[in-house]
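Everything below concerns the one structure shown next.
The values are calculated or read from the model by the stated rules, or taken from the named source; none is laboratory data. These numbers come from a predicted model, not from an experiment. Note that we place each Cβ from the backbone using ideal geometry, even for glycine, and neighbour counts take in every protein chain shown.
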């Protein structure tokens with residue numbers, strides 16, 4: 001085996017024992033370009049054909065704004081709900097041994113696999129005013145199906161596995177000794193959870209949140225069945241895009257898509273920055 | 001604070017980890033629990049801390065029955081082998097944690113906590129590292145922080161579980177001396193677990209030798225080394241050589257020859273002779289000695305280790321000679337142990 005002598009001067013990357021950096025990077029870039037960059041730049045390209053004034057008119061249209069607000073708002077609320085209950089589910093799965101644990105564990109993945117339309121129809125049936133759950137809520141004046149609340153319910157369903165599956169492995173890695181150390185120092189169970197365990201899990205929880213959120217923003221199949229799709233009230237942005245497409249109004253569709261792309265990108269960027277900051281600090 | 005372990009038994013899933021262990025630890029003492037892995041030393045330490053509950057028996061802190069108290073109430077400082085620092089907190093926050101989680105009037109004000117943390121950092125010689133995170137410290141530094149954190153709550157006892165086990169030899173020796181200094185200065189009753197006999201003998205006031213869930217012997221380094229009370233302690237602490245022998249008429253025999261050792265109080269019959277390989281007297285002639293042919297000779301640091309084959313059964317035994325001793329060149333060596341002990345044959 002020979003080792004190539006290190007070249008003097010500036011290097012893009014330190015030489016590594018693993019060969020094939022050039023090849024794998026080249027492949028990764030080509031792949032990303034093909035799968036992600038070309039379609040996205042096509043999107044920008046088409047919406048750019050619109051011209052700035054038209055673009056602005058579509059972007060600030062009441063219906064577009066409402067749709068975006070509902071999409072991002074519902075996704076945010078759903079991701080927040082999932083963070084709480086997903087972490088709880090992960091906790092139960094990691095910390096306790098009970099009969100049927102593996103079945104519950106497998107069940108968490110169902111929203112990944114189930115066609116979203118099936119999920120949407122099932123949820124609508126349950127939460128409709130005459131459904132199993134809906135008829136219990138109706139006397140209380142709570143309407144779930146055909147309202148923004150229904151959208152949240154659908155997105156909670158879709159997003160749950162993202163939180164559970166990101167938090168679970170980190171939770172399994174928590175060192176029992178750290179908890180014991182806290183206990184010997186006098187911390188009670190509540191203090192151990194809030195001051196020791198939770199901060200350790202925070203990066204994973206943020207990742208789970210951003211994944212569930214991103215999934216929620218883009219979700220279409222399950223939402224359109226339960227949302228009722230009333231313009232200005234319970235119409236999500238992806239649906240509005242489809243409506244514009246059906247009207248052959250391609251520029252408007254791509255304009256809304258471009259706005260969604262931009263907003264999603266910004267939010268994910270912020271979340272990623274927050275994460276790399278915390279990683280740098282806590283190592 | 002005195003600690004008394006009274007007839008404690010601990011079972012894990014019906015498998016006994018400790019059988020009926022009793023131990024008195026004096027106030028201000030530095031005591032080592034020494035034994036091979038699986039001897040129950042860590043279990044005993046965790047029982048004292050309250051991290052485990054005894055199946056039977058009690059543990060007293062002074063006159064208080066601590067076995068009824070939770071970990072939080074026991075007020076012990078525990079140091080783990082792998083530090084168990086809180087990664088998301090600075091060094092100062094780690095040390096102050098035990099004070100911050102207190103309730104009501106026992107909780108000192110924030111400025112006082114900060115002052116205590118920097119005082120303890122001075123004590124463990126890490127002044128100026130308050131703002132660092134554990135990930136930014138070396139192993140030795142982390143363990144010092146862990147010790148400072150344990151001492152911050154003014155514990156009744158300080159318990160250390162293989163505190164230097166994860167560190168390299170150099171740092172380990174350094175920290176060993178340093179821990180002794182800290183102990184002499186602060187006077188905490190301290191119990192530490194180790195499987196390193198050198199560490200135990202050098203550092204502790206008294207050493208507790210454990211094996212298979214039982215205490216074999218408790219004593220000072222001298223007592224443990226010079227008068228081991230069981231075959232296990234003899235072979236576990238320091239080097240030892242053994243020979244199967246026979247006792248008759250108060251004399252020790254190998255095969256059909258007396259070896260010049262008298263054991264007037266030993267019962268007649270089969271026995272095993274234990275001695276230290278370096279603690280032997282070399283003899284020229286052989287009337288009443290152990291003689292054997294040299295089977296192997298190895299240079300080990302400052303001495304020469306010679307392996308002898310004794311008698312017709314070619315029993316192998318090891319002794320140590322000075323490097324330049326002429327006997328090492330011979331093919332036949334005769335010797336007699338200076339200090340030795342007989343244990344009944346197993």
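Just a few scattered comments:
- Residue within the stretch A:195-203 that is farther than 21 Å from residue B:148 by Cβ, more than 13 Å from every other protein chain (Cβ to nearest Cβ), assigned to a helix (DSSP H, G or I) and in contact with a helix residue (DSSP H, G or I) (Cβ under 6 Å, 6 or more places away or on another chain) present: no
- Filter pass, residue A:103 being farther than 22 Å from residue B:86 by Cα, modelled with pLDDT of 90 or more and over 17 Å from the mean Cα position of the chain (by Cα): yes
- Residue check, residue A:229 within 14 Å of chain B (Cβ to nearest Cβ) and free of Cβ contacts under 8 Å to residues at least 12 places away in the same chain: no
- Scanning the stretch A:132-146 for residues that are in contact with a helix residue (DSSP H, G or I) (Cβ under 8 Å, 6 or more places away or on another chain) and either crowded, with 18+ Cβ neighbours inside 10 Å or part of a helix (DSSP H, G or I) (or both) yields A:134, A:137, A:144, A:145, A:146.
- Scan of the stretch B:282-304 for residues that are part of a loop (DSSP other than H, G, I, E, B) and closer than 15 Å to residue B:336 by Cβ, ordered by number: B:284, B:285, B:286, B:287, B:288, B:289
Condition check ((1) at pLDDT below 90; (2) surrounded by fewer than 19 Cβ atoms within 10 Å (Cβ to Cβ); (3) within 7 Å of chain A (Cβ to nearest Cβ)) across all residues:
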{"residue": "B:70", "(1), (2), (3)": "yes, yes, no"}
{"residue": "B:73", "(1), (2), (3)": "yes, yes, no"}
{"residue": "B:79", "(1), (2), (3)": "no, no, no"}
{"residue": "B:91", "(1), (2), (3)": "no, no, no"}
{"residue": "B:95", "(1), (2), (3)": "no, no, no"}
{"residue": "B:98", "(1), (2), (3)": "no, no, yes"}
{"residue": "B:103", "(1), (2), (3)": "yes, yes, no"}
{"residue": "B:112", "(1), (2), (3)": "no, yes, no"}
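- Test: residue in the stretch B:327-336 that is surrounded by fewer than 17 Cβ atoms within 10 Å (Cβ to Cβ) and without any contact (Cβ under 8 Å) to a residue 24 or more places away in the chain: yes
- The lone exception for residue A:190 - which of (1) over 26 Å from the mean Cα position of the chain (by Cα); (2) part of a helix (DSSP H, G or I); (3) at the interface with chain B (Cβ under 9 Å from one of its Cβ atoms) it fails: (3)
- Scanning the stretch B:263-286 for residues being within 20 Å of residue B:234 (Cα to Cα) and without any contact (Cβ under 8 Å) to a residue 40 or more places away in the chain gives a total of 1.
- Flag set for residue A:92, criterion: surrounded by fewer than 19 Cβ atoms within 10 Å (Cβ to Cβ) and more than 17 Å from the chain's Cα centre (by Cα).
- Test for residue A:212: is it away from chain B (no Cβ under 14 Å), buried (at least 17 other Cβ atoms within 10 Å of the Cβ), closer than 30 Å to residue A:277 by Cβ and at pLDDT below 90: no
- Residue A:116 meets the conditions (1) modelled with pLDDT of 90 or more; (2) under 17 Å from the mean Cα position of the chain (by Cα) in every case but one. The failed one is (1).
- Matching residues, the stretch B:135-145, being more than 8 Å from every other protein chain (Cβ to nearest Cβ), part of a helix (DSSP H, G or I) and in contact with a helix residue (DSSP H, G or I) (Cβ under 8 Å, 6 or more places away or on another chain): B:139, B:140, B:142, B:143, B:144, B:145
- The selection criterion, being under 28 Å from the mean Cα position of the chain (by Cα), in a loop (DSSP other than H, G, I, E, B) and more than 10 Å from chain A (Cβ to nearest Cβ), does not hold for residue B:130.
- Residue in the stretch B:201-216 that is surrounded by fewer than 17 Cβ atoms within 10 Å (Cβ to Cβ) and over 27 Å from residue B:7 (Cα atoms) present: yes
- Single condition residue B:153 does not satisfy, out of (1) out of contact with any helix residue (DSSP H, G or I) (no Cβ under 6 Å at 6 or more places or on another chain); (2) closer than 26 Å to residue B:5 by Cβ; (3) within 13 Å of chain A (Cβ to nearest Cβ): (1)
- Check on residue B:307, over 15 Å from residue B:243 (Cα atoms) and either outside any loop (DSSP other than H, G, I, E, B) or in contact with a strand residue (DSSP E or B) (Cβ under 7 Å, 6 or more places away or on another chain) (or both): no
- Condition check for residue A:182: in a loop (DSSP other than H, G, I, E, B) and within 14 Å of another protein chain (Cβ to nearest Cβ): no
Let's see how each residue does on (1) surrounded by fewer than 15 Cβ atoms within 10 Å (Cβ to Cβ); (2) modelled with pLDDT under 90; (3) under 18 Å from residue B:25 (Cβ atoms); (4) in contact with a helix residue (DSSP H, G or I) (Cβ under 6 Å, 6 or more places away or on another chain):
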{"position": "B:193", "(1), (2), (3), (4)": "no, no, yes, yes"}
{"position": "B:219", "(1), (2), (3), (4)": "no, no, yes, no"}
{"position": "B:252", "(1), (2), (3), (4)": "no, yes, no, no"}
{"position": "B:255", "(1), (2), (3), (4)": "yes, yes, no, no"}
{"position": "B:274", "(1), (2), (3), (4)": "no, no, no, yes"}
